[in-house]
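Since the structure comes first, as structure tokens, the remarks are kept for the end.
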Protein chains: 2
Amino acid sequence: MRYSSGAVEALIEEFAKLPGIGRKTAQRLTMHVLHERRSEVEKLASALIDVKEKVIRCSVCQNITDLGVDPCHICTSAGRDRSVICVVESPTEVLAFEKTGHYKGLYHVLHGVISPLDGVGPDDIKVRELIARIGVDSTGGVREVVLALNPTVEGETTSLYISKLLKPLGINVTRIARGIPVGAELEFIDEATLSRAMEGRSAI
Amino acid sequence: MRYSSGAVEALIEEFAKLPGIGRKTAQRLTMHVLHERRSEVEKLASALIDVKEKVIRCSVCQNITDLGVDPCHICTSAGRDRSVICVVESPTEVLAFEKTGHYKGLYHVLHGVISPLDGVGPDDIKVRELIARIGVDSTGGVREVVLALNPTVEGETTSLYISKLLKPLGINVTRIARGIPVGAELEFIDEATLSRAMEGRSAI
């Protein structure tokens, strides 16, 4: 069944293509757009186009940045520790680490992990760029690479692959700790996490 | 904390303004847009603008329709029973009735219900247009007006108000049945619905 307006129906269909948005939600969003001021809707439409037009990848860390801001502001910041690179899967994780306000090093975004089942090999992600970047800085720049990939099979495989490539270069390769999340109850933590937490115990 | 791209941050903010979309979902949608083909994103952007540019209200039933299709295709359809008008609150309800494929009459969309607490009076919704429409057709056109407003206090008030206006015109005013939804279990039905269901019992 279709709405009495083709334009409305078209917008519902476009909204419903977005991830996690079903037809009911798409209808609700469309009704909202119908009642919203035109200027607000235009802002959303142009923000959409802007993202496709203006967002590029930083030539150093591969994180997303705006056209004209390359290298990105993290790579050019004077306040960052240039001897540490944190390797993450996607820009979202950069944001997650930045939110902590704790980490002061640089980043490298792989834009994926090695996943043979999905046909993603080492050349499909930004591993080569990482090696090249460390090669350039090998005059003593980068001292440590922290692998912060998701604790999945693919993430682990990618971590292993990168560490094997980097160790011959004399780089200190580490990975973020696996253990009990803050606020969790031990009773409900799975066995694998508990074992990792026990392995990774430290003096207090 | 902000993303390293202003364009990305702007889109997240715009998405987060939509109803039911929080910041996390807005981030996820933005990441999707970032990876989506440009042509697809442009389709969404232009569908948004189209809705603001092309959608108008049918001058007869007040339902939404496209520019150039006024009266709307339901109002002009030769296959509809022109003697019955179903009064609903919004275009979404027209769609709901159309989906049933059962109702063959016309519609009238009020675009709201009388709600003194929200400052919505009879003149803020399309009641006058309904009366005018029936007046025009009073040569014997409209025989019945079915009130299909939501069973809220505001909906009931509006139903009462409209029925008082229409009865002097010699129009048969009805309301859709309140009772047990199909598939429900009597045990879990609230008292008010059960009483209405009992009141509205019919011979089988």
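The values are calculated or read from the model by the stated rules, or taken from the named source; none is laboratory data. What you are looking at is a predicted structure, and each value in this text was computed from that prediction instead of being measured. Note that each Cβ is placed from the backbone with ideal geometry, even for glycine, and that neighbours are counted across all protein chains shown.
Of everything in the stretch A:101-120 that's assigned to a loop (DSSP other than H, G, I, E, B) and either of a type in the set (D, E, K, R) or touching a strand residue (DSSP E or B) at 6+ places or on another chain (Cβ under 9 Å) (or both), which residue is nearest to A:Ser77 (Cα to Cα)? Looking at residues that are assigned to a loop (DSSP other than H, G, I, E, B) and either of a type in the set (D, E, K, R) or touching a strand residue (DSSP E or B) at 6+ places or on another chain (Cβ under 9 Å) (or both), I get A:Lys104. Screening B:Ile134, B:Ile162 for residues that are more than 14 Å from chain A (Cβ to nearest Cβ), surrounded by 20 or more Cβ atoms within 10 Å (Cβ to Cβ), in contact (Cβ under 8 Å) with a residue 12 or more places away in the chain and not in a strand (DSSP E or B) leaves exactly one candidate, B:Ile162.
Taking the stretch B:176-204 as the range and being assigned to a loop (DSSP other than H, G, I, E, B) and among the β-branched types (Val, Ile, Thr) as the test, the residues that pass are B:Ile176, B:Ile180, B:Val182, B:Ile189, B:Ile204. In the set (1) surrounded by fewer than 16 Cβ atoms within 10 Å (Cβ to Cβ); (2) closer than 21 Å to A:His32 by Cβ; (3) more than 11 Å from the chain's Cα centre (by Cα), the condition left unmet by B:Asn150 is number (3). Can you spot a residue in the stretch B:38-45 that is touching a Ser or Thr at 6+ places or on another chain (Cβ under 6 Å), free of Cβ contacts under 8 Å to residues at least 60 places away in the same chain and at the interface with another protein chain (Cβ under 7 Å from one of its Cβ atoms)? No, because not a single residue in the stretch B:38-45 is touching a Ser or Thr at 6+ places or on another chain (Cβ under 6 Å), free of Cβ contacts under 8 Å to residues at least 60 places away in the same chain and at the interface with another protein chain (Cβ under 7 Å from one of its Cβ atoms). When the stretch B:170-190 is filtered for residues that are in contact (Cβ under 8 Å) with a residue 12 or more places away in the chain and under 20 Å from B:Val88 (Cα atoms), the ones remaining, listed by number, are B:Ile171, B:Asn172, B:Val173, B:Thr174, B:Arg175, B:Ile176, B:Ala177, B:Arg178, B:Gly179.
Among the residues of the stretch A:1-17, the ones that are more than 8 Å from every other protein chain (Cβ to nearest Cβ) and of a type in the set (A, V, I, L, M, F, W, C) come to 2 in all. For the stretch A:182-193, the count of residues that are of a type outside the set (Val, Ile, Thr) and surrounded by 13 or more Cβ atoms within 10 Å (Cβ to Cβ) is zero.
Cβ-Cβ distance below 6 Å, separation of 6 or more or different chains: which pairs start in the stretch B:18-37 with a residue that is more than 8 Å from chain A (Cβ to nearest Cβ) and end on one that is surrounded by fewer than 18 Cβ atoms within 10 Å (Cβ to Cβ)? Pairs that qualify, where the first residue is more than 8 Å from chain A (Cβ to nearest Cβ) and the partner is surrounded by fewer than 18 Cβ atoms within 10 Å (Cβ to Cβ), are B:Arg23/B:Ala16; B:Ala26/B:Ala16. Is one or more of the residues making up the stretch B:137-144 more than 28 Å from A:Val33 (Cβ to Cβ), surrounded by 12 or more Cβ atoms within 10 Å (Cβ to Cβ) and at pLDDT 90 or above? Within the stretch B:137-144, one or more residues are more than 28 Å from A:Val33 (Cβ to Cβ), surrounded by 12 or more Cβ atoms within 10 Å (Cβ to Cβ) and at pLDDT 90 or above.
In summary, helices (runs of 4 or more DSSP H) completely within the stretch A:1-85 and bearing 3 or more residues that are surrounded by 16 or more Cβ atoms within 10 Å (Cβ to Cβ), β-branched (Val, Ile, Thr) and out of contact with any Gly (no Cβ under 9 Å at 6 or more places or on another chain) occur at A:38-54. Checked against the criterion of being among the β-branched types (Val, Ile, Thr), touching a strand residue (DSSP E or B) at 6+ places or on another chain (Cβ under 8 Å) and outside the structural domain of A:Gly141 (by the TED database), the candidates A:Thr30, A:Thr65, A:Thr25 yield just one match: A:Thr65.
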